Amino acid sequence: MLLLAAAICGGTGSAATPTAQSRLDTFDYILGTQTIGASYQFTAQTRLVETAQAILDMGSNVIKFRMGKEDGVKNANTPGRDPAIRSLTELARDEPSHRRVLDMPLAYYVIWTYPFAGGNWHKGFAPADQAKEYQELYEFACHLLKTYNRSGKTFLLGHWEGDWTLRGTGNTTDEDRVTPAAIQGMIDWLNVRQKAIDDANRDTKHARVGVYQYTEVNLVRLAMQGRKTVCNDVLPKTAVDFVSYSSYDTQKDPEQLRAALDYIAAKLPPKAGLAGRRVFIGEYGYPADRFPPEEQDEMSRRTIRAALAWGCPLILYWEMYNNEIDKQGKQRGFWLIDDKGIKQPIYHTHERYYRWAKQYVAEYAKKAGRQPSVEEFRLAAVAYLDRLAENSRK
């Protein structure tokens, strides 16, 4: 069974096995956040564990973080790679912080996934590198399926902003840098990764756990101008399960955001067994160095509503703790909790949303004898945000 088709598109009940994981709340409440490169902390825990716990405490059941060779952190005071960890599977199994987070009562894991043995594909993805990428990702997917069998967890394995990866970070003008070899290399890279995940699902006996691939796009306005982009030149030639949209180029304008989501969806090939919307918001956010707290909250709620109304299965705010420091050494303020430990208005918006959403699902299930469908929940969530906006104007 494809868990994600049921869980992320409308919710499922708890697993049948009498374990702590079987009591996991697997309903997709859609809103979430992430923790990548946090620039501060407040406890003796590693930053990954501390921020994951903060996400749980806020009421969320979704997390996004990074896994790769730079992420083998031993403890809070020893950052950097543990040389004894040499693969994604070892990182998940043997590194205490990652194992602890993967074992937490979270239902949805969106992970930037970079095999330790992975090669560069910009000049073409060499067969030897393809084989290494395939094997490590296959083993990692099998590990997740076996370890979290019947847990109710869903894992989406992907990568950071694909257009910057393809074009070079910040390059929106030099089309010559987007070579045919790079385009084909990225196509091959994504298809090798997809085959590894598909084969792991085929070969591993499992139930009530899902492992899927996503690719991330971030220059959709450029794509809509007919320029060389992941959307135009890579995505249509892949078999990926989902697409993440890092939406900074359209997030401020609901009409532009909806048009961008429509454009991505039109480029995404259909996938057997996956129904409904398959494009989600992997990043949006408004830094405090440009938006005061109340405006940060208001702009975020506007983006959330537009993405909810369109039907995104996940909408992920960047991020729990800020990760960006400006040239003067100041926090840029991509945060839900600031560097003084103060919960921002947008944090409280998420916290209240989760309380409302869980109560809505529970009351619906009590009356109807089933959980709401994705469409029923989506419409209720949009109405909730509209009431919130109306009350804030009074």
Problem - Efficiency of FRET between Arg393 and Asp339 - r from beta-carbon atoms, R0 22 angstrom, step 0.05 - result: 0.10
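Just subtract the alpha-carbon distance of Arg352 and Gln53 from 0.36 nm times their residue separation and send over the number in nm, one decimal.
Stretched fully, the Arg352-Gln53 segment lengthens by 105.9 nm.
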Problem - Qualifying lysines (Cα of each under 24 Å from Cα of Lys343; at least 8 residues distant if same chain) - result: Lys64, Lys252, Lys330, Lys358, Lys394
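Rank these for me by crowding, His98, His122, going from fewest to most other beta carbons within 10 Å.
Working: His98 25, His122 16.
Exposure proxy ranking, most exposed first: His122, His98.
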Problem - Unit charges on C-beta of K, R, D, E only; dipole of the chain, Debye - result: 840
Handout entry: Label-point gap, in nm, between Thr172 and Lys146 - each point 7 angstrom along Cα→Cβ
Key = 4.7
Handout entry: Spatial separation of Cα centroids for the range 303-326 and the range 205-226, in angstrom
Key = 15
Fill in the blank from the handout: In units of 2.2 N^0.38 Å, the Cα radius of gyration of the range 171-244 is 1.31
Practice task
Once you have all Cα-Cα distances for the chain, histogram them in 10 Å bins from zero and send the whole-percent values.
Solution key: 5, 23, 34, 28, 9, 1, 0
Exercise for the section: Between the alpha-carbon centers of the range 87-156 and the range 357-391, tell me the distance in whole angstrom. Expected result: 34
Exercise for the section: May I ask you to sort Trp318, Trp335 by Cβ crowding, counting other Cβ atoms within 10 Å and putting the fewest first? Expected result: Trp318, Trp335
Practice task
Could you go through the range 306-319 in sequence order and give the Karplus-derived ³J(HN,Hα) for each residue, using 6.51 cos²θ - 1.76 cosθ + 1.60 with θ = phi - 60°, rounded to whole Hz, and x for Gly and Pro?
Solution key: 4, 5, 4, 4, 6, x, 4, x, 9, 9, 10, 7, 9, 8
Problem - Arg86/Asp203 FRET efficiency (R0 25 Å; Cβ-Cβ; nearest 0.05) - result: 0.65
Completion exercise
Footprinting proxy, Tyr245, Tyr212, Tyr354: sorted fewest to most Cβ within 10 Å, the residues are Tyr354, Tyr212, Tyr245
Fill in the blank from the handout: Extension length gain for His122 and Ala239 (0.36 nm per residue less Cα distance), in nm, is 40.2 nm
Problem - 222 nm mean residue ellipticity, helices alone, for the chain (DSSP H n ≥ 4; -39,500 (n - 2.57); rounded to 500) - result: -13500 deg cm²/dmol
Problem - Modelled FRET efficiency - R0 45 Å, Gln135 with Ala368, Cβ distances, 0.05 increments - result: 0.45
Completion exercise
Two pseudo-spin positions, 7 Å from Cα along C-beta at Ala44 and at Ala259, lie apart in nanometres by 5.5
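No value in this document is a laboratory result; all are computed from the given coordinates. Keep in mind that what you see is a predicted model, and the values were worked out from it rather than measured. Quick reminder, even Gly has a Cβ in these numbers, built from the backbone with ideal geometry, and neighbours come from all protein chains shown.
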